[in-house]
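Presented below is the structure to which this report refers.
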Amino acid sequence: MNGIQIILIGGVIAIFTYYIFRFRSAFIDLLILCIFSGLAIFFILYPEKTNLIAKELGVGRGADLLFYCCILFFLFILIKLFARIRRLEKTLTDLVRKQAKDEAQPGDKN
């Protein structure tokens, strides 16, 4: 095992552990993170396998395949963040409306 493999695997494990202890999200998110972490460790340990898998999938090199997978993963993260922002906006809007109704005077028509 090369030094870079140890560093990369340590990074993947550190990110995975941080996510589990810090965010404790939905089961499906945890499952997707487990799959991507497992794939990352597999590709780190067996870099020559990425070329074989890439050729089977019609991609020229293993590095290109990993790049495409990272794009998909980052798009997943982007969509999750967008959905969370939308939920927060809706919650904030509902709270402001409720507070406005609660503070309104019975005789006010404004």
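The values are calculated or read from the model by the stated rules, or taken from the named source; none is laboratory data. Note that the structure is a prediction, hence the values are computed from the model and not measured. Because the Cβ atoms are built from the backbone with ideal geometry, glycine has one as well, and the counts that use them run over all protein chains shown. Areas reflect the complete protein model, heavy atoms only, side chains present, ligands, DNA and RNA absent. Shrake-Rupley method; radii C 1.70, N 1.55, O 1.52, S 1.80 Å.
Of note:
- Of the residues examined, ASP64 is not one that is among the acidic types (Asp, Glu) and either part of a loop (DSSP other than H, G, I, E, B) or in contact (Cβ under 8 Å) with a residue 12 or more places away in the chain (or both).
- Selection within the range 1-59 - among the basic types (Lys, Arg) and exposed (fewer than 13 other Cβ atoms within 10 Å of the Cβ): ARG22, ARG24, LYS49
- Test set (1) over 22 Å from LEU8 (Cβ atoms); (2) modelled with pLDDT of 85 or more - GLN105 fails condition number: (2)
- Only one entry in TYR46, TYR18 is at pLDDT below 80, under 30 Å from ASN2 (Cα atoms) and of a type in the set (Ser, Thr, Tyr), namely TYR18.
- Criterion violated by SER37 - all others in (1) polar (S, T, N, Q); (2) modelled with pLDDT under 90; (3) over 27 Å from MET1 (Cβ atoms) satisfied: (3)
- GLN105 vs. criteria outside any helix (DSSP H, G or I) and either open to solvent by 60 Å² or more (accessible area, probe 1.4 Å) or out of contact with any Gly (no Cβ under 6 Å at 6 or more places or on another chain) (or both): yes
- Just so you know, in the range 60-75 the residues that are of a type in the set (Phe, Trp, Tyr) and open to solvent by 60 Å² or more (accessible area, probe 1.4 Å) include one that is farthest from ILE44 (Cα to Cα), and it is PHE74.
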